[in-house]
Amino acid sequence: MEFGTLRPEPGALPYPERTCIPQSLLALLGSSNVDEQDMDTILDQAGGFPNEDWGRAEQVLSTSAFQDWFVDRGSRRLLVHGDYDVNDYPEISPLSKLCTAIVQKVRTRPNLVGLVFFCGRHLDQRHNENIGASGLVRSFIAQLLRQCPSTCWGYTLDPDISLTEVENGDLEHLTKLFTTLILHSPRTTFMVVIDGVLAYEQEEYCEGLYKVVDMLCKLAEDEVLSYYVPIKILLTSPTETSDGELRERFQRHHAILSMTAMPNAG
């Protein structure tokens, strides 16, 4: 099914009890502004990063691969492989700081929406509903609603989206809701950033991660949607991702940037 066919038909009957109100959906999701909390924590911890490691991350911004991803008006995807020792950076890395800087900059610009999730910050039950792929999509929906509250105001939810399942964290229904909100967004460019994907290549998280990435890529590949609502996908990993299944989704689009191939700073 093409995404365009998911748009409501002009004569569709309304379901008043399922009319969207951003505040109601946010309450249902029970998701706090975890993205802001994560970025604040990362900036606090980034002071301990060696200057050389941070300088390497900053070099990414000047590469043609990143410039093409950022400047192109259409949908794009990019996977950045760092060249760090994961023992030095088990949860966050200088690339996490870079993602924070990118998203914070994006959020100051009109007609740009920055969605971000830091996998390394959400690896155990300390984070409750914000763990795993379901927590990732839950957070993305909350961020979208906070930045674009008009997206769903008064829109009638599709009957195949169960709000009970959304509240319970069911990944299928969360992705359906996210897709629906994207389809009803005003002309906006979405910068979707997932940092530290290596942490979610563990057996308990990888299947969900792949489903989320596939959903994002499918949205980005819809040419009609991309004209009105470009989706720019940025994934980062402190070192090369261990599973070829994830890499393949980017490799066939020549969309992998390896920091090992960049010249040394200075």
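FYI, it's all coordinate maths here, none of it is from the lab. Source: prediction; values computed, not measured. With ideal geometry, Cβ positions are generated from the backbone for all residues, glycine too; neighbour counts draw on all protein chains shown.
Over the chain, all Cα pairs binned in 10 Å intervals from 0 give whole-percent P(r) values of 7, 31, 37, 19, 5, 1, 0, listed from short to long. Between exposed GluC sites (Glu not before Pro) in the chain, where DSSP calls loop and at most 16 other Cβ atoms lie within 10 Å, what's the longest gap? The segment 3-239 is the longest one with no such site. Residues whose amide H lies under 5 Å from that of residue 156, counting only those 5 or more places away or on a different chain, are 20; hydrogens are built 1.01 Å from N in the peptide plane.
Which angle between 0 and 90 degrees, to the nearest 10, do you get for helix 34-45 versus the longest principal axis of the chain when only C-alpha atoms count? Helix 34-45 and the main axis of the chain meet at about 10 degrees. When both bridge partners sit in the chain, DSSP labels roughly 5% of those beta bridges antiparallel. In order along the stretch 176-193, phi translates into HN-Hα couplings of 4, 5, 4, 4, 4, 5, 4, 5, 9, 7, x, 4, 8, 9, 9, 9, 10, 10 Hz, rounded to whole numbers, per the Karplus curve 6.51 cos²θ - 1.76 cosθ + 1.60 with θ = phi - 60° and x for Gly and Pro.
Evaluating 6.51 cos²θ - 1.76 cosθ + 1.60 at θ = phi - 60° for every residue in the stretch 213-222, the Karplus couplings come out as 4, 4, 4, 5, 5, 5, 4, 5, 7, 6 Hz, glycine and proline recorded as x.
If you keep only loop residues by DSSP, which trypsin sites (Lys or Arg not before Pro) in the stretch 193-266 have at most 13 other Cβ atoms within 10 Å of their Cβ? Answer by residue number: 252.
Quick check on my link table: of 105/218; 105/176; 176/232, which ones sit more than 24 Å apart, alpha carbon to alpha carbon?
On the way: 105/218 26 Å; 105/176 28 Å; 176/232 19 Å.
Where the Cα-Cα span goes over 24 Å, the pairs concerned are 105/218; 105/176.
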